[in-house]
1. Look at Asp344 and say whether it is surrounded by fewer than 16 Cβ atoms within 10 Å (Cβ to Cβ), out of contact with any His (no Cβ under 7 Å at 6 or more places or on another chain), under 14 Å from Tyr372 (Cα atoms) and modelled with pLDDT of 95 or more.
2. Taking region 161-177, which residues are surrounded by 15 or more Cβ atoms within 10 Å (Cβ to Cβ) and closer than 21 Å to Ala120 by Cα?
3. Suppose we filter Arg35, Arg54 for residues that are under 28 Å from Ser147 (Cβ atoms) and open to solvent by 90 Å² or more (accessible area, probe 1.4 Å); which single one remains?
4. Looking only at region 65-98, filter to residues that are among the aromatic types (Phe, Trp, Tyr) and over 14 Å from Gly261 (Cα atoms); which one of those is farthest from the ligand (Cβ to nearest atom)?
5. Every residue in region 195-217 that is of a type in the set (S, T, N, Q) and either in contact with a Pro (Cβ under 6 Å, 6 or more places away or on another chain) or under 18 Å from Val123 (Cα atoms) (or both), please.
6. For region 188-266, which fully contained strands (runs of 3 or more DSSP E) count at least 2 residues that are at pLDDT below 95 and either open to solvent by 10 Å² or more (accessible area, probe 1.4 Å) or within 16 Å of the ligand (Cβ to nearest atom) (or both)?
7. Do you know which of the residues in region 123-146 that are among the small types (Gly, Ala, Ser) and modelled with pLDDT under 95 is most open to solvent (accessible area, probe 1.4 Å)?
8. Does Gln289 satisfy being open to solvent by less than 10 Å² (accessible area, probe 1.4 Å) and polar (S, T, N, Q)?
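The values are calculated or read from the model by the stated rules, or taken from the named source; none is laboratory data. Model, not experiment: these values are computed from the prediction. As a convention, Cβ positions derive from the backbone with ideal geometry for all residues, glycine included, and neighbour counts pool all protein chains shown. Areas reflect the complete protein model, heavy atoms only, side chains present, ligands, DNA and RNA absent. Shrake-Rupley method; radii C 1.70, N 1.55, O 1.52, S 1.80 Å.
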Amino acid sequence: MSGRRAPAGVSTPGPLNPLLEGRREYPFVTLDRKRRELVPPGIEAIDFSIGDPRERTPAFIREALKGAVPEVSSYPSISGQPELRAACAAWIERRFGARVDPATQVLPVNGTKEAVFLMALAVVGREGGEARRTVVIPSPAYPVYESGARFAGAEVFFSPLGSEDGWRFDPDRVPDEVWERTALLWLNTPHNPTGAVVDRTALQRVAERARRSCFWVASDEAYADVYFETAPPSLLECGAENVIALHTLSKRSAMTGYRSGFMAGDPRLIEALRRFRPNVGVATPEFVQRAAIAAWSDDAHAAQQRALYAAKRRLLLEAFGRLGWQVEASQATFYLWARAPGGDDVAFVERLMRLGVLATPGSFLGRGGEGYVRWALVPTLERCREALERLAARDL
Ligand SMILES: Cc1ncc(COP(=O)(O)O)c(C=O)c1O
């Protein structure tokens, strides 16, 4: 053995990636620990902290999966079935009026999380020369943009979002010299955690900036179909050059457990990902693809899911209004982004826990989230009512 030498009789593991040796506790582990300490015994907590829908997957989607389980199982291909890519492209056209070629511009993914994590590995250059090694992340943000960038060895540049801009990303706030070394920008609209929606004009500015400064934009549109008034636009409406959009069935169709989504956009990046992804073993099982074809081909169930979230959203917005709690952004997604009464988001969430109600402190979701709380509208309507009874008449 070279390098570190173990004392006689003691075996040591080899070195680990330093990112796995960090001592910082994952925020949701901290949250869970606090929950065990603070939720009174005998009270079942009502959980608004995690974005995992509790709604039923529509029966026709479950049936499509069951009917497709084969007698003989073989490896699926990374490109997916042509019918799936066609169903995804047809949905993009119905939903956004944008056209993508299912043969060259669409790739299935096993839920967008893995695709988010792997994206930086595919586009960030190696050290030296003219390589671009920066990933720009508007913050607060879904944490996997950062972890993917760090594991790819990229430099991360956080661009803070704030109340004054309605929590919407503005490309002009990132210095030119950062754009010149940027490989990838993460955009997320509608935005987790704030529910903010980037409008078409602002999307156009992002797309133009990406083309002018030669970086890729990955537009995470996981919540595109969870909206309440106007349907949020896609970056693909501004053309596919330098752009890739990520879509998932997790939220739209209550299918988190199926792990199914897709990427669509610039054929050059799709082709590169088609070469990269077989290394990782992330081809989608074919019976899941059959369920996905059924789900992307139907819009009625997505409208029903929206109606369920809309009812919960109305209930909570009215109650928060009565309590004097201020809600910001929150135009789409199933999150409400509210100022923490008293200003300290962690202390406020701890007070909620003592009443048996869980929500996520904004500071756990990245820089810029301090002083805010994210409420995921995932408990059933009944449980939402129960939570509001727990909160009423308490001095929070
Ligand atoms: C913004 C955002 N992107 C992507 C994902 C990943 O979703 P999935 O992997 O289920 O498609 C999530 C999940 O919560 C999310 O909030």
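1. It is true that Asp344 is surrounded by fewer than 16 Cβ atoms within 10 Å (Cβ to Cβ), out of contact with any His (no Cβ under 7 Å at 6 or more places or on another chain), under 14 Å from Tyr372 (Cα atoms) and modelled with pLDDT of 95 or more.
2. Once the filter is applied, which keeps residues that are surrounded by 15 or more Cβ atoms within 10 Å (Cβ to Cβ) and closer than 21 Å to Ala120 by Cα, region 161-177 yields Phe169, Pro171, Val174.
3. Arg54
4. Ranking the qualifying residues of region 65-98, first place goes to Tyr75.
5. Ser213
6. Of the strands (runs of 3 or more DSSP E) lying wholly inside region 188-266, none has at least 2 residues that are at pLDDT below 95 and either open to solvent by 10 Å² or more (accessible area, probe 1.4 Å) or within 16 Å of the ligand (Cβ to nearest atom) (or both).
7. Once the filter is applied, the top-ranked residue is Gly129.
8. yes
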